[in-house]
Structure formats: C-alpha cells, structure tokens
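Structure record follows, encoded as structure tokens.
Coordinate-derived values only; no laboratory data. It should be emphasised that the depicted structure is a prediction, and the values quoted were computed from it without experimental measurement. Please note: Cβ atoms are built from the backbone with ideal geometry, for glycine as well, and neighbour counts cover all protein chains shown.
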Amino acid sequence: MNKTIAARFFSAISVLILVSVGILGIIFMLFANRYFEGDRLNILNLCVESVEDNLEVTYEGNVSKIKDSGALRENLKLISQTTQTIVMVADKSGNIVATTDERFISSVDNVLPNDILKIADSKEETVKVSDSVTKLTGDNYYAVGKAIRRNGNITGYIFVASSAVTILIFTNALLTTFLLSASVMILISSIVSLAVTSRLTTPLRNITNAAKCFSQGDFSARASVEGDDEVAHLAYTFNNMATFAENNETSRSNFVANIAHELRTPMTSIKGFVDGIIDGTIPPDKEPTYLKIVSDEIGRLARLTNSMLDISKLDSGEFIMNVKKYNIWDTISAVAFAFESRIENAEIAVKGFEPQRINVMADQDIIHQVVYNIVDNALKFTPKGGYIAFNVTQTGDYVTVKIRNSGVGISKEALPYVFERFYKADTSRSVHTKGAGIGLYIAKTLVQRSGGEIYVESIQGEYTEFIFTLPAEKTEKSDKMKKNMNEKNKKALKEQNNKKKKKNKK
C-alpha cells in the first residue's frame, strides 16, 4: 500500500522528534548525574575540611589523643545532620575511633580495609573512595577520604560518605518529569505536524482532483488557491494551464465546427447544382451559368484547403522562412496587378500607388501572401465606386505598410477579434458571407514570424486600414533578426525531421 505524502511527512517528523528527544534525554541525564555527583563530592570535601579543622582545634590533629569521643561525636553528628552524610574518623591503623552511624561500623568490623586506606593515603588532598566503599558495604555511596598528617606522618584518617539512594530518587523523579514533558511536547508536535501536513497536502489533493476532472473531459475544474508559498504557486500555474487547455479545447471545437460549416456550404451548393443538371431540373441553356457557380465554389474549397494547410504548417512549425533583402513595392505591385480586373469591375479607385525602392528583410513569398490576404479582404468589403490606398514608409529599423479601403468599416466591438481564426462580424455564416475568416489570421501569424507586428484601425462608415511592419534593410537589428529567423527555421526543420523519424519508427 502506497503511503500518502501526509503519512510520510508525519512519520519522518515523528521519527525525528523521537530521536531528538531520546538524544536530548540521554545528554540531560548524563549532565544531571555528573552535576549532582560533583555537587555531592564538593559537599563531602567541605565536610572533610570541617572535621579536620575540628580535630585540629580539639586534638591538634592527633587522632591517637582521642580518649573521650563524646564531645567529638557531638560535633560530627552536627556536621552529619547538616549535610546528610556519614562521618568516620580512624586512626593510622584504620581502626574507627568515631562515627555518626554505628551501622557502618558493623559493616566494616570497626576496621577499614587497607585498600581504602591506601587510596586515602595516596595524596594529601581529599580523594574519592566511592567505589571501594560501595563494594565494602554493598550499598551505593558517594565517599571521600583524607589522611591526617602531622609533621609528614599519618596520624589518622577522615572519611565522609553519603548514600546515593537520595540522589537516585531525585534522578528518577527528574527523569519522570522529563518523560512527561517530552510526551506533552511530542503530542503537541504531532498535532502541529498533522495541521501543517494537511495545509501542505490539501492544495495537492485539490490539484489531483482537478486533474482527474480534466482526464474525464471536464475542463472547467480549477484548484482552489490560498497563500503565496510554492504549493500555492503550483496551484496558480495549474489553473493557468487549465485555462489555457480549456481555451485550446474551445478553440479546437470551434475550429472543427467552423471547418465543417465552411466545407458543407459550398459542397451543398455544388451537389445541388450538379444534381439539377443531371436530372434536368436546370435547363440546358442555364447550365453554363450554374457550372460557373460550381467552379467558383470549387475554387472556394481549394482556397479554404490551402489556407488550412498553411495553418497546419504554421502551428506545427513546418513553415520554413527564407529571409532576404528585396523591395516591398515589388510585392505590392504584383498583388495590385493580380486584382486589376476585380478593381476595374468594381470601379474602385487606387490611391497612393507610387512604387519606389524601399527594401525590407523578409521572405518575399510569405509577405506576398500577407499583402494578398489583406488586399483580398479589403476588396471584398469595398463598395462599388470606393477606393483602396497604399502607403509605405521607413522609420528607423522598420518599414511600415498601410493598406486602407473605404466602406462600412469594422465596429469597435469586433476590432479585437479581427485576426482570430474563422472570425466574422456576420456570425450567421450564411452562403452570402464573404470569406472564411482565415486570411487575416494567417497574415498576422506570418508577419509576426517575420519579426514585425500587424494591427487594424477602423471608423465605421468611413474606412478600414490594416498596418503591418517589417525589418528594414541592412541594420544591425535586422541582421540579428535574420540570424534569429534562420535559427528558428533550422530548429523547425529539425523538429519536423524528428517527427518524421518517430512516425517511421511507429
């Protein structure tokens, strides 16, 4: 069974807390034991010094002079009660001459062993004899001893001991308090860990649920976002991706619907007229007229198919560009002469047609298609007796081309959507609607691929003007742009070859 992130995070935090508390407990107890042991040994040393001072005053430090131990016993008892210790005084042979605890005498048979005396005799200052006393009595003691010296000779010994039971009880109580505190700390840490984990994983679960909805075709699902941390940024990014995917899906659906409609309309017309000719509904003398309509519809289908192929190449990156220097007026002139018959038949006036040399850095065939699509669109909506005007200027590193036509113009509401695929101001899309709404989309994409920009201006009832820019000749910027274009072409060609290789492998 796979663990969730929350379970893994909680397990990791729990192990970390337990290990930390365990290490802290061990260090704390070692420190406490050493502290209490040191403190107890300091007290025992002070007791030894006090007893030694008392002996010095009373017996001039000579234990052998002790005859009546009653007064000494009272002094030792006072010291013992004050410090909660056992005090013993022995002569130089180890015989105990005074003690505050008679039970201790019975344990050692009134004579201290030589190993204890030897330890006490090894140094002039007080020495620790705890282990030896513990082995001797069978009980745990902290004990120190000191040899009493007179003129360099040992005259006796002083030993002070304290039971380790009281310290052990205190240590156990301290350990219990520590464990209780640690348990409370672990409990609080666990609750906080669960809360933090839940806060971290809830957005991830929301993203997962939204992704599941996506996989089932519901592109409206979104992940709720709170805060500004990395997980929140992930949710924001996911929602942006979801919006993009939803828009793409809507665009794809509209694209398919539009294509189906654009194809069905001319095909229906073609089938109807051909069937009419075959079954005799259309008289023989009218056949040329209707065959001309069929030919126009077939031409419309061909143009639509070519436009769809162009869109497919643009979207897949297969549209290879050949950037070079050439005169932009050559393209404008070629397009104008191609539409000469339409212009004359519609009695449209041509203004601003004054060819001169203004060189640009672009793909001549691509710009020809851009100008062709714009002029074709302009002529569709220019009324009889109207005009179409051309204007070309160079400003800095760019050449600006303006193509204006008179007519009804474009509404302010429609202007932002003019360059979208299949957009038409007339949404009815009847058989009389002019164009498929693809040409301007292709024009915009090609201009942007050429390193320029395109936009439209219009005043309803007066004119519509399309304006696009292209890199001018031989500038540092245009050279750089040409290099970038060639690199893009190489990259697109490489991607195209890779796709073909993958298809061949499949």
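The Cα atoms of the range 210-299 give a gyration tensor whose axes a ≥ b ≥ c have a/c of 1.5 or more with a/b greater than b/c, which makes the shape prolate. Across the range 139-151, rounded Karplus estimates of 3J(HN,Hα) from the backbone phi angles (6.51 cos²θ - 1.76 cosθ + 1.60, θ = phi - 60°) give 10, 7, 9, 9, 9, 9, x, 8, 7, 8, 10, 9, 6 Hz, Gly and Pro being marked x. Annotation: amide H-H contacts under 5 Å for residue 453 (H modelled 1.01 Å from N, sequence separation of 5 or more, or interchain): 469. Given a Förster distance of 45 Å, report the FRET efficiency between residue 181 and residue 236 from their Cβ-Cβ distance, rounded to the nearest 0.05. Rounded to the nearest 0.05, the efficiency is 0.60.
Packing here is the average count of other Cβ atoms within 10 Å per residue, and on that basis the peptides 341-350, 388-397, highest first, run 388-397, 341-350. Here the calculated FRET efficiency for residue 82 and residue 174, from their Cβ-Cβ distance with R0 = 22 Å, stands at 0.35, rounded to the nearest 0.05.
Applied to the range 85-94, the Karplus parametrisation 6.51 cos²θ - 1.76 cosθ + 1.60 on θ = phi - 60° returns per-residue 3J(HN,Hα) values of 10, 10, 10, 9, 10, 10, 7, 5, 8, x Hz, with x for Gly and Pro. The H on the amide N of residue 141, modeled in the peptide plane, is under 5 Å from the matching H of 134, 164, each at least 5 residues off or on a different chain.
Start at zero, step by 10 Å, and the Cα-Cα distances of the range 122-226 spread as 12, 18, 14, 11, 10, 9, 9, 9, 6, 2, 1 percent across the bins. Distances between placed amide hydrogens fall under 5 Å for residue 398 paired with 472, all partners being 5 or more residues away or on another chain. The protection proxy used here, the mean number of other Cβ atoms lying within 10 Å of each residue, ranks peptides 402-413, 442-453 as follows, highest first: 442-453, 402-413. Computed 3J(HN,Hα) for the range 19-34, one whole-Hz value per residue from the Karplus formula 6.51 cos²θ - 1.76 cosθ + 1.60 where θ = phi - 60°, is 5, 5, 5, x, 5, 4, x, 4, 4, 5, 5, 4, 5, 5, 4, 5, glycine and proline marked x. Stretching residue 453 away from residue 195 to a fully extended chain increases their span by 87.6 nm, per 0.36 nm per residue minus the current alpha-carbon distance. Legend: calculated FRET efficiency, residue 279 to residue 309, from the Cβ-Cβ distance at R0 = 35 Å, rounded to 0.05, equals 0.50.
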